[in-house]
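One structure is given here, and the rest of the page talks about it.
The values are calculated or read from the model by the stated rules, or taken from the named source; none is laboratory data. These numbers come from a predicted model, not from an experiment. FYI the Cβ positions are ideal-geometry reconstructions off the backbone, even for glycines, and counts take in every protein chain you see.
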Amino acid sequence: MGSSVVSSRFSAKAESYEKYALVQKQMAAGLLAMIKESTRQSSRIRHILEIGCGTGGLTHLAREHFHEASYEALDVAPGMLQKAQEKMDQLQLSCTFIQGDAEEWVWNQPEKSKDLILSGACFQWFVQPECTLSGLYRLLRPDGSLFFSTFGTDTFCELHDSFTRAHASLGEESVRHGLSLLDAGQWIQMLENVGYEDIQATSQKVILTYPSVRDFLYSVKAIGANTSRDQAAGLGRRKLMLKMIENYEQQYRSEQGIPVTYEIIYVHGKRG
């Protein structure tokens, strides 16, 4: 998916993102805890870069902790950057916001210029993840660290199962709906290939509950994250959606509502 499509989609959802990005907020807090644990001597960190800052959920947490370092935050969506800037202004925290596609931008920056690179809930959007990890490695100073969180393969497992059942009942071949995600082992392998050391990866599952499947789908749309390889529209598409919702309700509904699984992966690697 092109960066311009991702940019316009997230910009359009900047207003509703804050309300619905519940798991992303949890990821930001979890990632910062991991960073704090691993970087006891925060005074040694002078130059920080954040990739995919969104509306600034991780930005303000990290900025408050590393208050003496220079802080740059990059995002592809201008609407998100505007919200992040407003948040930082309200909190009287300084940050240099940059609009750009990280996968291209990293190659035009000075080598060995960052002590710490962090990113929350962004790397799943990379078209060339290993190449981009290499570009980020290039920016790290010796002993510098990369920390990121992303979504693992078990994310939305109930939804994928319900779509698979819906396709089967309609006599169709199953199509992936949503992003093709990577597991922790794949991220570790790519980091090793690029040259990172002291690699750590942990994953955890978070289950949210929604009143209905439609409420869940609306929340995904509200953060600009809806994407599918099945781009067909019209009556057939509507029939598939209705069948999927019916399967989801039958298979997974409980007294509490509709469960939605998120698998969160936290990763750390260092430049030797």
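Of note:
- Note on region 247-258: residues that are closer than 21 Å to HIS167 by Cα and assigned to a strand (DSSP E or B) total 1.
- Members of region 222-253 found to be among the hydroxyl-bearing types (Ser, Thr, Tyr) and modelled with pLDDT of 95 or more, listed by number: TYR248, TYR252
- In region 169-178, the count of residues that are at negative phi, assigned to a loop (DSSP other than H, G, I, E, B), touching a strand residue (DSSP E or B) at 6+ places or on another chain (Cβ under 7 Å) and of a type in the set (Ser, Thr, Tyr) is zero.
- Condition met for SER219 (surrounded by 17 or more Cβ atoms within 10 Å (Cβ to Cβ), modelled with pLDDT of 95 or more, of a type outside the set (D, E, K, R) and in contact with a helix residue (DSSP H, G or I) (Cβ under 6 Å, 6 or more places away or on another chain)): no
- Scanning region 36-76 for residues that are farther than 24 Å from ASP89 by Cβ and touching a helix residue (DSSP H, G or I) at 6+ places or on another chain (Cβ under 8 Å) gives a single hit, LYS36.
- Whichever residue in region 112-135 is out of contact with any Asp or Glu (no Cβ under 8 Å at 6 or more places or on another chain), over 13 Å from TRP187 (Cβ atoms) and assigned to a helix (DSSP H, G or I) and, among such residues, is modelled with the lowest pLDDT: TRP125
- Subset of region 94-140 that is among the charged types (D, E, K, R) and more than 22 Å from LYS83 (Cα to Cα) - its residue that is surrounded by the most Cβ atoms within 10 Å (Cβ to Cβ): LYS114
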